[in-house]
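Working notes, beginning with the structure itself.
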Amino acid sequence: MSNTMQSTSGSHVLTGNRWVAMGPAGAVGSVHSVEGGFTFKLMTDNGYRGIYPTLDVAKSALYASLLPGSEWPDFREH
């Protein structure tokens with residue numbers, strides 16, 4: 001499901017799709033489609049991270065940023 005939201009945060013223009021990363025204790029972050037690929041931010045981040053070429057790469061980057069031993073989050077599209 002896509003919406004047409006466009007907002008800017010730093011140099012990232014969000015283009016609509018987002019996936020919330022859910023861990024055992026709730027949301028841990030989110031992945032967003034942007035012009036040129038995908039970006040993510042953890043719940044504790046002030047801004048978005050780099051731009052990644054595919055959704056799977058962005059999900060993997062988000063997971064790699066979690067604490068060691070964290071479970072792979074469930075990504076829910078919103």
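Observations on the model:
- Selection from the range 1-19 of residues that are modelled with pLDDT of 95 or more and touching a His at 6+ places or on another chain (Cβ under 6 Å): ARG18
- Filtered residues of the range 35-77 (kept if in contact with a Lys or Arg (Cβ under 8 Å, 6 or more places away or on another chain) and small (Gly, Ala, Ser)): GLY47, ALA61, SER65
- Within the range 32-68, being at pLDDT 95 or above, over 14 Å from THR15 (Cβ atoms) and of a type in the set (Gly, Ala, Ser) holds for SER60, ALA61, ALA64, SER65.
- Any chance ASP56 is assigned to a loop (DSSP other than H, G, I, E, B) and surrounded by fewer than 16 Cβ atoms within 10 Å (Cβ to Cβ): no
- Matching entry among TRP72, TRP19 (being within 10 Å of the chain's Cα centre (by Cα) and aromatic (Phe, Trp, Tyr)): TRP19
The values are calculated or read from the model by the stated rules, or taken from the named source; none is laboratory data. The structure displayed is predicted, hence computed values, not measured ones. Counting neighbours? That spans all protein chains shown, and the Cβs are built from the backbone with ideal geometry, glycine included.
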